[in-house]
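One structure below.
The values are calculated or read from the model by the stated rules, or taken from the named source; none is laboratory data. Keep in mind that this is a model prediction, so the values were computed, not measured. Counting neighbours? That spans all protein chains shown, and the Cβs are built from the backbone with ideal geometry, glycine included. Please note that ligands, DNA and RNA were not included when accessible areas were found on the heavy atoms of the full protein model with its side chains. Shrake-Rupley method; radii C 1.70, N 1.55, O 1.52, S 1.80 Å.
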Amino acid sequence: MRKVSEFLIEHGKPSREVYLDHENSGWVPPEVVNEMLPYFNQKGYGHPSITNRPGWEAYEVLESTLELVGRTLNVSDGELIITHSGTESNNLAIKGAALARTDKERYKIIVSAIEHPSVIFPARTLEEHGFKLVTIPVDNEGFVDPEMLEALIDEKTFMVSIQAVNHEIGTIQNLEELVKIVKERDEKIIFHTDASDAYARIPLDVKKLGIDMMTISSHKIHGPKGVGLLYVDKKIKIKSILDGALSTQRFWPGVENVPALAGFRKAVELAFTDFEKIVERMKVLRDRLIDGIIEKVPDVLLNGPRGEKRAPDNVNVSFLHVEGESITIELSTRGVYVSSGSACTSRVLEPSHVILAIGRRYEEAHGSILFKISRYHTEGDIEYALSQIPPAIQRLRTISPLGREIMEEAVD
Ligand SMILES: Cc1ncc(COP(=O)(O)O)c(C=O)c1O
């Protein structure tokens, strides 16, 4: 059987390309790449733990990156840990806090049903080691019910992990309210939030929100892959889950990815320059894409909320009677790059747990497509995508047995 990769490569590059998959990983702008390049062989190529000149130069990159990110989050010195990805940060937060518990009577962790797998899987690992994992359901737009959260908390609870923004449907949780509920019930419960899809898209002030731990990932904001951060409030105790040495990071052994950190530093700087203006523009493009799809394509469901409670970069729709993976391939031939179902698990042909959790049926979840707007997109990019999506869906519905059946019924 011919591979899809061969098919797409033979098909060649389309005349216009619009990358709308910044959820899974993003395009890295030249300013960011240029910032990284000298750190491979001109300066700072040493080990940041070592006190020779290239080591000090590398160390300076770490320090200045943490200082910059710290300012954007209102974090104090020493509260950010460098890892290599959002996945590593989430693992460190959950397992590291579990290992550091002094009160062994607290063994319950509460996570929302729509967390990223890098939160759900470590929580399941804890379950295998005798912890109790409680999954809190969400409503049909992806919101956690504050009253339900309150009802689930008890004296056994040591941690709650609820993401700031959902990676698939863009739901912005009311973190301030959720943290307040948890802390009013029991100050000792640790509140972790995975902000991989929130950082640099919505304002986040960890002190104001009262968050204890927060995850960030570089490649979600046009930074390079290979950098994650975990904010840990000074009063929270965690233990390292990796053993080793030679790192400036107390909780994450192994050398830091210095060129990637230099790139991430630049990406942060760019993201927070004209932040409000950029976000407002992204919202306009987001709404144009949502409205255009609904107007031009029949049988479409919008997944997630509308308006201010939706992330400025997120569009997620279910195209009924077609299958998500076939949409990604058909749109690829037309130069529109999107992802289907659960972003990080697109090669796993299972319906997204997020789309199922908001009450969609299996078929609806299978036809879900995620589009991510970035600040580099233009109106022209969105109009081009809108010119390609309707014929792509129409073609797939004509050739898919399910789509044909539905269309014949409509004609009858
Ligand atoms: C919400 C969320 N958390 C965590 C991750 C994992 O981050 P990384 O790809 O840096 O491991 C992702 C990745 O897509 C994500 O969307």
- Message: Could you check segment 279-323 and list, in sequence order, the residues that are at positive phi and either at pLDDT below 95 or surrounded by fewer than 19 Cβ atoms within 10 Å (Cβ to Cβ) (or both)?
- Response: Asp299, Gly307, His321
- Item | Enumerated helices (runs of 4 or more DSSP H) restricted to segment 95-211, each holding at least 3 residues that are charged (D, E, K, R) | 117-128, 175-185
- Scan segment 84-141 for residues that are among the β-branched types (Val, Ile, Thr), open to solvent by 30 Å² or more (accessible area, probe 1.4 Å) and either within 13 Å of the ligand (Cβ to nearest atom) or in contact with a Pro (Cβ under 7 Å, 6 or more places away or on another chain) (or both) and jot them down. Thr87
- Would you call Lys239 open to solvent by 30 Å² or more (accessible area, probe 1.4 Å), within 27 Å of Val111 (Cβ to Cβ) and either modelled with pLDDT of 95 or more or within 13 Å of the ligand (Cβ to nearest atom) (or both)? yes
- Message: Based on this model, can you work out whether Arg185 counts as within 19 Å of Ser89 (Cα to Cα) and open to solvent by 60 Å² or more (accessible area, probe 1.4 Å)?
- Response: no
- Item | Filter result for the condition that a residue is modelled with pLDDT of 95 or more, open to solvent by less than 40 Å² (accessible area, probe 1.4 Å) and within 13 Å of the ligand (Cβ to nearest atom), over Val354, Val336 | Val354
- Which one is nearest to the ligand (Cβ to nearest atom), of the residues in segment 73-83 that are more than 24 Å from Asp186 (Cβ to Cβ) and open to solvent by less than 10 Å² (accessible area, probe 1.4 Å)? Thr83
- Message: Looking at Gly55, Gly26, Gly70, Gly12 in this structure, which one is more than 29 Å from the chain's Cα centre (by Cα) and either closer than 30 Å to Ala311 by Cα or open to solvent by less than 30 Å² (accessible area, probe 1.4 Å) (or both)?
- Response: Gly55
- Query: Which of the residues belonging to segment 69-103 are more than 17 Å from His219 (Cβ to Cβ) and aliphatic (A, V, I, L, M)?
  - Reply: Leu73, Val75, Leu80, Ile81, Leu92, Ala93, Ile94, Ala97, Ala98, Leu99, Ala100
- Restricting attention to segment 147-159, does a residue exist that is in the same structural domain as Gly170 (by TED's automatic domain parsing), surrounded by 19 or more Cβ atoms within 10 Å (Cβ to Cβ) and within 16 Å of the ligand (Cβ to nearest atom)? no
